[in-house]
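First the structure, in the form of structure tokens, and then the observations on it.
What follows is calculated from the coordinates using simple rules that are stated; it is not laboratory data. Quick caveat, the model's predicted, so the values are computed rather than measured. Here the Cβ positions follow ideal geometry from the backbone for every residue, glycine too, while neighbour counts run over all protein chains shown.
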Amino acid sequence: MGNHSKFIPVYVWEAPVRIWHWVMVLAMVALCVTGYLIGAPLASVGGETSDRGLFGDIRFVHFAAGYLFAVMFLMRVIWAFIGNRFAREIFTMPVRMFSRPFWSALGDQGKYYLFMRRESVPYQGHNPLAMTAMFFMYVLGTVFMIITGFALYGEGTGMGSWSYTLFSSWALPLLGYSQNVHTLHHLGMWYLIIFAIVHMYMAVREDIFTDETVVSTMINGWRVAKK
Ligand code: HEM
Ligand code: HEM
């Protein structure tokens, strides 16, 4: 944190965070497209027999991307312990809820986005509003998608499989079995899509209207003053 004219360049996002971010984005695009098609299948009856396996291919891509998404998230959690302090922000945000300065900074950022405040405060890591959305929407949303995803996956692999034992065994009865879990998993997709749309808009907007780099920070790791 500093003032505009003397913002010292800072190395914010380390390579593992940057790689995780972009691989995770690709996995999520694949999950949303194939997930949507699982929920609203294409007409598959009729046509050439060689096309009949399409739904199976769609599900295969979904499960492969699902594994990738889950493994990347696990690695990101591990990196929160190993990495720099910025690598922890999206996970430790709830702890900050107990501090007064956090709430006033959150209020200021909100007013700035609502055009009620002209200047934004520069942050080395995430601003308080971004951090809050990243915890409540991204982190919790992701945990929910992994639990419900593997709970549904375990229905296919069956009792005794690791995903059944680890997820289906408790998550299916808790959340109301197959039909309900499909619906919740589907709604979870829209929760993450809403986050992603607002997040991309904010990242580009901040990059244009503030004096420090934003988008390139997730590419080369550095936050620097633009002037
Ligand atoms: C960002 C993450 C994810 C998104 C956006 C997503 C999206 C979706 C959607 C929209 C559906 C269709 C639900 C319906 O309407 O019935 C679905 C089904 C499913 N997803 Fe995901 N998913 C994600 C992560 C995962 C993960 C991590 C797994 C674990 C392997 C997974 C496994 C499944 C399974 C097993 C089904 C049911 C397939 C079937 O009934 O044929 N998903 N997903
Ligand atoms: C599926 C879509 C996306 C999701 C779910 C997503 C999620 C996230 C998350 C969770 C973080 C926090 C990183 C951390 O602290 O560990 C982040 C940071 C960031 N994302 Fe994304 N992202 C998506 C797409 C994009 C796109 C397309 C861009 C490019 C415009 C982008 C630009 C950034 C930037 C610049 C940051 C760092 C912001 C800062 O420096 O304060 N993201 N993203």
Find the relative contact order for the stretch 168-227 and round it to a whole percent, using C-alpha pairs within less than 8 Å whose residues are 6+ positions apart. 17 percent
Taking only the alpha carbons of the stretch 14-116, what extent do you get along each of the three principal axes, in Å, biggest first? 64, 37, 21
So, in nm, how far is label SER99 from label ILE19 when the simple model puts each one 7 Å beyond its Cα toward the Cβ? 3.1 nm
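Hey, could you get me the Stokes-Einstein D for the stretch 130-195, Kirkwood radius over alpha-carbon pairs, 37 °C and 0.692 mPa s, rounded to whole µm² s⁻¹?
Numbers: Rh = 12.1 Å.
Rounded, D is 272 µm²/s.
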Distribution output for the chain: share of Cα-Cα pairs per 10 Å bin in percent, first bin at 0, values 7, 27, 31, 20, 11, 4, 0
